[in-house]
Amino acid sequence: MKVAMIASEALPFAKSGGLADVVYSLSRALAAKKQNVSIIMPYYQQIENKQYDMNYVGEFDIKMSWRVQRARIYHAQVDRIDYYLVSNDYYFRREKMYGYMDDGERFAFFALAATEALTYLDAMPDIVHVHDWQAAIIPTLIHENYYNDARFAKIKTILTIHNPAFKGMLDRYFLTDFFNLPDYLYDMGKVRFEGMFSTLKSGIIYSDIITTVSPTHKEELLTREGGQGLDTVLEYRRLDFYGILNGIDYGEWNPLHDHYIVKRYNVSSLESAKHLNQADLLRCYNLHWYGGPVYGIVSRLTWQKGIDLVLDEARSILSKGGNFVLLGSGERELEQKFEVLRSQYPDTCGIYIGYNDQLAHKIYAGSDFFLMPSLFEPCGLSQMIAQRYGTLPIVRKTGGLADTIVPYDGRITSLGEDGIAFEDYNIGGLDYAIYRAEELYRNQENYYRVAKVAMKKNYSWSSSAGKYLKLYQKALSK
Ligand code: ADP
Ligand code: GLC
């Protein structure tokens, strides 16, 4: 089967969060199952620094309202995946991947160019698998604009929703001016969402299959409270809507072969390695240890991740003599609040604002607990990575976090407790979880018992990739 993934980011070229991990790891797992996989993504400025052979494939014009923009397509092969990068200096030769006033127009260009780029692949794909709002309009483009192009006739489409909070809300004129789509799609309600044009909604309507990244999040999206406004349209597509749990890349996330950490380890050497990796982590942040637990977090700093709760809780952790280390970037106001916290606890609180792969690995290996009290979490990779490193995640029971943690509630039972979880999104809920964490930490034997259960969990991609493959087959048989 020939599969073309289309997404705004993918490893090893560009990553801001889990989307990049998933597009790459899923593609690799599909390639390992003998499928022919391509990934189409933007050619961001930062990619120019990477050491990969890029070959020019071809170029064409895209009409963007009154302007004409040129799309150049480059090809690179990594791990048996064919990458096709869409280049345009005006839209993508910028410092950051996202966060510009014209992101709507930038990714409209990307979606239009990526659809056309399908004809530049070695062969037309059987499946076009689009991810999130930046690519979600593509099934609509295929149906409405390419319907009399025989090369597109057999293509089936799948949309994966990684983050329903980003709906691709655009002004109505985008439909006609940029996408060359009929205006009546808006009046018919096919692309209209809360008075605007939403690319994500259009993807839900037009894709053959829709998925999200965990079974629990799928159920949440079908409810009024957890649906983020999408419950009605998803209800309409219920029979074609699935939740498949993400995996993690065991090549990158393996404490036994991790070159970023000072002491590599497996389950039997966890205890001694934890102490050495923790000492190294604290040294990196220039911190002092007073004998309490070390809480770590690696995260985009945004409301989705429960960062307001983390800020409150960190203060309480620090006032009790624990350590708190953070790696993240995002909303400026949150970044500043963490800087203030560091100035108040300079020898126990470590804050690194930015993106840093090596430090992320050190936090996963060197912390005792990993904080992830998300307001919502479609899947979450960080909690699975933490478990893989024998670091206990403290999560709120939502989405993929609920699917991956068996919470310790004061007793170790045969259920296989492997983390700590709380229910209610408020500081009382997180306080309860921290109380459980401290209890576990005081009894080191119990702590390591639970940590070792966590380390042994299997989140390899193979079984999830098999589920996607079944859905592709289902789409093709429609
Ligand atoms: P999301 O995609 O919502 O951000 P996930 O848990 O699915 O959350 O994935 C986050 C991924 O991004 C993890 O691999 C995490 O280690 C990584 N990550 C997040 N922030 C940073 C950062 N500042 N530096 C390095 N890695 C980061
Ligand atoms: C999104 C979600 C996260 C998920 C990731 C990869 O960024 O916020 O929960 O793990 O996508 O699917």
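Quick note: the coordinates plus some simple rules give every number you see, no bench work behind them. Please read these numbers as outputs of a predicted model, since none were measured by experiment. Cβ: placed from backbone, ideal geometry, glycine included. Neighbour counts: every protein chain shown.
As a size descriptor, the averaged projected area of the C-alpha convex hull of the chain was calculated at 21.9 nm².
Ratio of Rg to Rh for the stretch 109-210: 0.94 [Cα atoms; Kirkwood radius as inverse mean 1/r over pairs]. Amide H to amide H, with H built 1.01 Å from N, residue 57 comes under 5 Å of 73, 74, 75, counting only residues 5 or more places away or on other chains. Applying a DSSP loop filter and a limit of 16 other Cβ atoms within 10 Å to the chymotrypsin sites (Phe, Trp or Tyr not before Pro) in the stretch 186-261 leaves 250, 260.
Computed packing ranks the peptides 164-177, 209-222 as 209-222, 164-177, most packed first, by mean other Cβ atoms within 10 Å.
Taking every C-alpha pair closer than 8 Å and separated by at least 6 residues, the mean separation divided by the residue count of the chain gives a relative contact order of 12 percent. Size of the stretch 319-457 from its Cα atoms: along the principal axes, largest to smallest, the extents are 43, 32, 32 Å. Converting phi to 3J(HN,Hα) with the Karplus coefficients 6.51, -1.76 and 1.60 and the offset θ = phi - 60°, the stretch 274-280 yields 4, 5, 5, 5, 5, 4, 5 Hz in sequence order, with x at every glycine or proline. For the pair the stretch 1-77 / the stretch 319-355, the C-alpha centres are spaced 34 Å from each other.
Both radii were evaluated on the Cα set of the stretch 302-382; the Rg over Rh quotient, with Rh as the Kirkwood radius, amounts to 0.93. Relative to the compact-globule estimate of 2.2 N^0.38 Å, the Cα radius of gyration of the stretch 344-399 comes out at 1.22.
Here is how the number arises for the chain: DSSP H runs of 4 or more residues each give -39500 (n - 2.57), the sum is divided by the residue count, and the result at 222 nm is -11000 deg cm²/dmol.
In this structure the amide hydrogen of residue 193, modeled in the peptide plane, comes within under 5 Å of the amide hydrogens of 198, none closer than 5 places in sequence on its chain. Here the relative contact order of the stretch 267-455, from alpha carbon pairs under 8 Å that lie six or more residues apart, stands at 22 percent.
Sparsely packed loop sites in the stretch 360-438 (the trypsin sites (Lys or Arg not before Pro) outside DSSP H, G, I, E and B with at most 11 other Cβ atoms within 10 Å) comprise 411.
Karplus-derived 3J(HN,Hα) values for the stretch 382-396, using 6.51 cos²θ - 1.76 cosθ + 1.60 with θ = phi - 60°, are 4, 5, 6, 5, 4, 4, 4, 9, x, 10, 7, x, 10, 10, 8 Hz; glycine and proline are entered as x.
Amide hydrogen proximity for residue 211: with H placed 1.01 Å from N in the peptide plane, the residues at 5 or more positions away or on another chain lying under 5 Å are 159, 160, 161, 242. Per residue, the convex hull spanned by the Cα atoms of the stretch 39-133 amounts to 110 cubic angstrom.
When only Cα pairs below 8 angstrom with a gap of at least 6 residues are kept, the stretch 323-383 shows a relative contact order of 36 percent.
Highest mean first, the peptides 65-71, 404-410, 75-81 sorted by other C-beta atoms within 10 Å per residue fall in the order 404-410, 75-81, 65-71. Return the lysines within reach of residue 452: Cα separation strictly under 24 angstrom, same-chain partners fewer than 8 residues apart disregarded; answer none if there are no such residues. Residue 452 reaches 263, 274, 362, 397.
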